[in-house]
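Following: one structure in structure tokens, then a few remarks.
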Amino acid sequence: MIEVIGVDKFKTEIYDFTKDGDQEWVLRENTPVILNFSATWCGPCHNFSPTLQDISEEYKNRVKVYRVDIEASPEIPHLFGVMSVPTTVFLKKGEEPAIASGGISVEGMRAAIKDLLGV
């Protein structure tokens with residue numbers, strides 16, 4: 001099961017926008033992170049869920065995969081300019097976030113993880 005991350009854990013593990021908001025983006029984690037933005041009412045999000053689950057299991061201990069409910073934690077998608085769901089953000093320490101909208105195939109996720117996260 002993919003963990004749904006809220007504002008408190010996001011600020012602790014990924015980026016504290018309340019303290020670091022005036023500074024350049026810096027991922028707190030050394031482990032690359034995938035954030036998937038979704039909503040309970042979103043059909044395409046539900047369709048993408050098995051792919052995300054497969055990726056989370058395949059890359060366990062090498063990439064952290066989190067889901068963000070845009071209605072429960074609206075501050076987080078706002079930081080990335082998320083306008084639609086599903087949207088997936090790839091985060092690697094020392095790099096700017098890479099954003100992909102819509103569902104992505106397993107092969108597309110593997111390619112993104114290799115190209116964007118170096119895993």
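Read-outs: derived from the displayed coordinates by stated rules, not from any lab. Quantities reported herein were computed from a predicted structural model and do not represent experimental measurements. Cβ: placed from backbone, ideal geometry, glycine included. Neighbour counts: every protein chain shown.
Using θ = phi - 60° in the Karplus curve 6.51 cos²θ - 1.76 cosθ + 1.60, the 3J(HN,Hα) couplings for the range 56-68 round to 4, 6, 5, 9, 3, 6, 10, 9, 8, 10, 10, 10, 10 Hz; x is entered for Gly and Pro. Where only DSSP H runs of four or more residues are counted, the chain gives -8500 deg cm²/dmol as its mean residue ellipticity at 222 nm, each run worth -39500 (n - 2.57).
Based on alpha-carbon atoms only, what is the radius of gyration of the chain relative to the globular estimate 2.2 N^0.38 Å?
On the way: Rg = 13.2 Å, N = 119, 2.2 N^0.38 = 13.5 Å.
With N residues counted in the chain, Rg over 2.2 N^0.38 Å equals 0.98.
Placing a label point 7 Å from the Cα of ARG110 along the Cα-to-Cβ direction, the residues of the range 43-81 whose backbone N falls under 17 Å of that point are 50-60, 62-63. Using a Gaussian network model of the chain in which every pair of alpha carbons under 10 angstrom is joined by a spring, one finds that among THR88, THR31, THR18 the greatest mean-square fluctuation is at THR18. Taking amide H as placed 1.01 Å from N in the peptide plane, the amide H of ARG67 sits under 5 Å from that of GLU3, VAL4, ILE5, ASN36, each at least 5 places away or on another chain. Local charge for SER73 was computed over the other residues whose Cβ lies under 12 Å away, with Lys and Arg +1 and Asp and Glu -1, and equals -1.
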